[in-house]
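Comments concern the structure below.
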Amino acid sequence: MANTCTVFSTLLVFVVSLLAVSAFAADSAENEGQKIVQSEEEFVLTLDHTNYSDIISQHKMIVVEFYAPWCGYCQELAPKYEQAASVLNSHDPPVILAKMDTTIPENAALARNYTLNGVPSIKIFRNGGKTVHDYKGTRETEGIIAYLKKHGGPASLEIKSKEDAARLIDEKKIVVAGIFPELSLEKIQNFTALAEDLRVDYDFVHTLDAKLLPRGGLVDKPSIRLFKPFDELYADFEDFQLDAMQNFIEETSVPIMAILDGNPENQQFVNHFLHSPGDKVFLFLNFSTDLDAFKSKYYDLAVSYKGKEANFLLGDAKTGKRALQYFGLDTDQAPLIFVLSMDGTKYVQRHVQPDILAPWLKDCKDGKLKPYLKSQPIPEVNNGPVKVVVAETLEDMVLNSGKDVLVEFYRVGCKYCEEFAPVLDEIALSFEKDPDVLIAKIDGTENDIPRDLFEVQGFPTLYLRSATGSLSRFEGNRTKEAIIEFIQRNRGNPAPSTFMKSDLTVSEQAQTDPVKDEL
């Protein structure tokens, strides 16, 4: 098994984690004063290939953690997961938590039926395993409890009175209401299926009578009414096709201008902004000094782009500090405007002025601006056996060097990268007399990587860019002998006669295990 620290599959997933406040902050009142006590009794069921199918099929809902015993993140999660299970076991109805060791080959074969980006990976199985959803909550005990309690009850609650409406429609949240003045089995089924799928991101209710709802007029046919605490406050929709409903909800739930200010009530709208389709426009300010000068102009700019595949966020630079640092920016560069386009291209303008916002964004949309590239400084000295590559030198040193270049994508602090470092040094020394081979490394978290060329889902990841332009990914055991053979087999330049034949002897490469240690 190849141990690998897995990175997030997209930039936005990482931004979500950096900008997010606690996922269970909104449920703090429910959890306030709740004392979590570690119980000696084990409440987490242990699954394996012998009982997996039977146990899954017996439960209307069961939560399964796929883990590996050697994974440090799995070890950290284990007591929190057990504590959550002890509380949820007494919930009405009980929520059952289970786990399965993916290092056992027969278990791994079952796990491959699901998309696991790494371990630990948590899935929610419903209706005897007929439907499977990703767990999207935090990995703290209270967060697991709050998230799964919401998943444990009905996906949509019925409103039969004004009192029900007042209790179930939170004026500070997005609530999706299904209105059914006439019965339509297909539309009710589609609405219920949608509620099951999106229940964690939105609250769902349904009613037979639109008069019971706090806003909006009467309807004479099945309709969807989305309530929200911003912009026009509600919107109606009549198409009950699943894709159409989901698109309507996703588009309508994004504010014209999302606000990131540390207020947990705003976090849900920030999340909808981040997950929405289209370009993302961020304006980071020092709210204490710059807000009055920028807010109205930026809002007007956001209004002018409504419906043009662009969404806007106004953020406090202090609150968004970690996200800025991830992109190689800093709070002392505020006010700054930053664009993350749909294809991952980035643009930035530091120390921007209010009157420059509109013309700068127009130039950005018209393709007149140079993309922003996050890069470490070019090393002044680069004479080690393994050459250091940064984003600004990647093209010259790797893509257009005319050499066969083995490049390692690594992360500082990754223990597997640290274990591999001396092996990479030995490989570089083996090729020191071969002028056509370069062994290099690049920090995959501090430098932008062209993702259309390199699929880096874990660290360390190795690619060979041959002198002829072909790109090969190494997927075997990370031994000196195996990697040398990989280079010789895929290189574009022929190996010189001075290269020692003994360096070419390797054992058969083992396959990389698909389940990886998560970042």
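In region 363-388, the residue that is farthest from E309 (Cα to Cα) out of those that are assigned to a helix (DSSP H, G or I) and either open to solvent by 50 Å² or more (accessible area, probe 1.4 Å) or touching a Lys or Arg at 6+ places or on another chain (Cβ under 7 Å) (or both) is D363. Within region 328-340, does at least one residue satisfy the condition of being open to solvent by less than 50 Å² (accessible area, probe 1.4 Å), among the hydroxyl-bearing types (S, T, Y) and farther than 23 Å from N263 by Cα? No, region 328-340 contains no residue that is open to solvent by less than 50 Å² (accessible area, probe 1.4 Å), among the hydroxyl-bearing types (S, T, Y) and farther than 23 Å from N263 by Cα.
Could you tell me whether Y114 is open to solvent by 30 Å² or more (accessible area, probe 1.4 Å) and in contact with an Asp or Glu (Cβ under 6 Å, 6 or more places away or on another chain)?
Details: open to solvent by 30 Å² or more (accessible area, probe 1.4 Å): yes; in contact with an Asp or Glu (Cβ under 6 Å, 6 or more places away or on another chain): no.
No, not satisfied.
Among the residues making up region 150-162, a single one is surrounded by fewer than 17 Cβ atoms within 10 Å (Cβ to Cβ) and closer than 21 Å to P264 by Cβ: K150. Mind checking whether some residue in region 256-273 is open to solvent by 50 Å² or more (accessible area, probe 1.4 Å) and out of contact with any helix residue (DSSP H, G or I) (no Cβ under 9 Å at 6 or more places or on another chain)? Scanning region 256-273 turns up at least one residue that is open to solvent by 50 Å² or more (accessible area, probe 1.4 Å) and out of contact with any helix residue (DSSP H, G or I) (no Cβ under 9 Å at 6 or more places or on another chain). Counting only strands (runs of 3 or more DSSP E) that sit wholly inside region 215-262, those with at least 1 residues that are closer than 17 Å to V205 by Cα are 223-227, 234-237. With respect to being touching a residue at least 12 places away in the same chain (Cβ under 8 Å) and either touching a Ser or Thr at 6+ places or on another chain (Cβ under 7 Å) or assigned to a helix (DSSP H, G or I) (or both), I442 falls outside the description. Does L399 satisfy the criteria of being touching a residue at least 60 places away in the same chain (Cβ under 8 Å), in contact with an Asp or Glu (Cβ under 9 Å, 6 or more places away or on another chain) and of a type in the set (A, V, I, L, M)? No, not satisfied. Per the conditions (1) farther than 30 Å from T115 by Cα; (2) open to solvent by 20 Å² or more (accessible area, probe 1.4 Å), the sole criterion not satisfied by Y135 is (1). Contact map, region 79-105: residues that are among the aromatic types (F, W, Y) paired with residues that are assigned to a loop (DSSP other than H, G, I, E, B) and open to solvent by less than 40 Å² (accessible area, probe 1.4 Å), Cβ distance under 9 Å, separation 6+ or inter-chain. Pairs shown: Y81/V44; Y81/P120.
A quick yes/no check of all residues on (1) closer than 30 Å to L116 by Cα; (2) at pLDDT below 95; (3) out of contact with any Ser or Thr (no Cβ under 6 Å at 6 or more places or on another chain); (4) open to solvent by 50 Å² or more (accessible area, probe 1.4 Å):
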| residue | (1), (2), (3), (4) |
| --- | --- |
| D404 | no, no, no, no |
| E426 | no, no, yes, yes |
| P435 | no, yes, yes, yes |
| Y463 | yes, no, yes, no |
| E475 | yes, yes, no, yes |
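Under the condition of being open to solvent by 10 Å² or more (accessible area, probe 1.4 Å) and either under 24 Å from Q241 (Cβ atoms) or in a strand (DSSP E or B) (or both), the residues counted in region 163-179 number 0.
The values are calculated or read from the model by the stated rules, or taken from the named source; none is laboratory data. What you are looking at is a predicted structure, and each value in this text was computed from that prediction instead of being measured. We place every Cβ from the backbone using ideal geometry, glycine too, and count neighbours over all the protein chains shown. Keep in mind that these areas ignore ligands, DNA and RNA; they rest on the heavy atoms of the full protein, side chains included. Shrake-Rupley method; radii C 1.70, N 1.55, O 1.52, S 1.80 Å.
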